[in-house]
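The values are calculated or read from the model by the stated rules, or taken from the named source; none is laboratory data. Remember, it's a predicted structure, so these values are computed and weren't measured experimentally. Cβ atoms come from the backbone with ideal geometry, glycine included; neighbour counts cover every protein chain shown. Accessible surface is based on the protein model in full, side chains and every heavy atom, while ligands, DNA and RNA are left aside. Shrake-Rupley method; radii C 1.70, N 1.55, O 1.52, S 1.80 Å.
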Amino acid sequence: MKIPYGLWGVALLLLLLNACTQDAYEKGEGKYSSLRADFVEAHAGNNKLVDYAVTDDGDRLDISVPYSASWVKTPDSLYRGILYYKGTGASVEVVALSSVSVIDSLVPKDSLKQGLKMDPLTLESIWVSKNKRYLNAGIWLKGGETDDSEAAHRIGVVSDTLIVYADGKRTLRVLLYHDQGGMPEYYSQRSYFSVLLPGIQADSLQFTVNTYDGTVVKCLPVR
């Protein structure tokens, strides 16, 4: 099973304001008003169609009609995403599938040659998945039109200090790296990212984020 580079394998993410690619779907009180949404690992078969997904709760969702997404480009692969669907269990109908970028390794603080950047952003939510495989975060980034083709937000998770307690439990202090990257700050748009947890040698994370309302610290058990 291949995991495509570009969704996994990046320690610093380059985020444009449309970073979460999503197929359009009808919102409001129409026929999709009762749809569900879950963070998933979506499986693409040999034909590059998504045929099933596994939610962060560990539930398998078999897709009644295999689904095509423009950003699914590698056959026999897993993709991280948010699945919007109707139905449950053995057969679900996909309404849309949004890509979610994944950070699979932490950046040591002393390896940042350009120094630590913690430009403010808005933190909407941060949580650990039920299966303890991912830390997920929803953030709002400010941006706008610019003539600078290289302007982009840069997001990463930086490891700082490991605290070892008398009982052997370990807490890793981590920081959310954010470089505004030359983007103007005219309006806000939501983005999501996930952090793979199995390789992190700690029982909990003390996660520090710089927001427009000040520093926020979240303590999250990961084991």
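Of all the residues in the stretch 83-97, those that are touching a residue at least 60 places away in the same chain (Cβ under 8 Å) and either in contact with a helix residue (DSSP H, G or I) (Cβ under 8 Å, 6 or more places away or on another chain) or open to solvent by 10 Å² or more (accessible area, probe 1.4 Å) (or both) number 1.
Being out of contact with any strand residue (DSSP E or B) (no Cβ under 9 Å at 6 or more places or on another chain) and under 22 Å from Asp203 (Cα atoms) is a condition met by no residue of the stretch 107-123.
So that you can scan it fast, the table gives a plain yes or no per residue for (1) within 18 Å of Lys117 (Cα to Cα); (2) hydroxyl-bearing (Ser, Thr, Tyr); (3) in contact (Cβ under 8 Å) with a residue 60 or more places away in the chain; (4) not in a loop (DSSP other than H, G, I, E, B):
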{"site": "Ile163", "(1), (2), (3), (4)": "no, no, no, yes"}
{"site": "Arg173", "(1), (2), (3), (4)": "yes, no, no, yes"}
{"site": "Tyr177", "(1), (2), (3), (4)": "yes, yes, yes, yes"}
{"site": "Gln189", "(1), (2), (3), (4)": "no, no, yes, yes"}
{"site": "Phe207", "(1), (2), (3), (4)": "yes, no, yes, yes"}
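Within the stretch 165-223, can you find the residues that are open to solvent by 50 Å² or more (accessible area, probe 1.4 Å) and acidic (Asp, Glu)? Correct list: Asp167, Glu185, Asp213.
Per the conditions (1) more than 24 Å from Pro184 (Cβ to Cβ); (2) part of a loop (DSSP other than H, G, I, E, B); (3) open to solvent by 60 Å² or more (accessible area, probe 1.4 Å); (4) in contact (Cβ under 8 Å) with a residue 60 or more places away in the chain, the sole criterion not satisfied by Leu116 is (1). Within the stretch 191-205, the residues that satisfy the criterion of being in a strand (DSSP E or B) and of a type outside the set (S, T, N, Q) are Tyr192, Phe193, Val195, Leu196, Leu205.
Of the residues making up the stretch 113-140, those that are modelled with pLDDT of 90 or more and more than 30 Å from Lys48 (Cβ to Cβ) number 15. Does any residue of the stretch 103-111 turn out to be of a type in the set (Val, Ile, Thr), closer than 24 Å to Leu135 by Cα and either open to solvent by less than 20 Å² (accessible area, probe 1.4 Å) or at pLDDT 95 or above (or both)? Yes: one or more hits.
Can you confirm whether the stretch 30-40 contains a residue that is at pLDDT 95 or above, crowded, with 16+ Cβ neighbours inside 10 Å and hydrophobic (A, V, I, L, M, F, W, C)? Yes: the stretch 30-40 contains one or more residues that are at pLDDT 95 or above, crowded, with 16+ Cβ neighbours inside 10 Å and hydrophobic (A, V, I, L, M, F, W, C). Of all residues in the stretch 80-108, those that are within 16 Å of Val195 (Cβ to Cβ) and not in a loop (DSSP other than H, G, I, E, B) total 9. For His178, work out the one condition from (1) touching a Phe, Trp or Tyr at 6+ places or on another chain (Cβ under 6 Å); (2) within 27 Å of Ser149 (Cβ to Cβ) it doesn't fulfil. Unmet condition: (1). Can you report the number of residues in the stretch 119-161 which are open to solvent by less than 10 Å² (accessible area, probe 1.4 Å) and part of a strand (DSSP E or B)? Of the residues in that region, 14 qualify. In this structure, Val72 does satisfy being touching a Ser or Thr at 6+ places or on another chain (Cβ under 9 Å), free of Cβ contacts under 8 Å to residues at least 60 places away in the same chain and buried (at least 18 other Cβ atoms within 10 Å of the Cβ).
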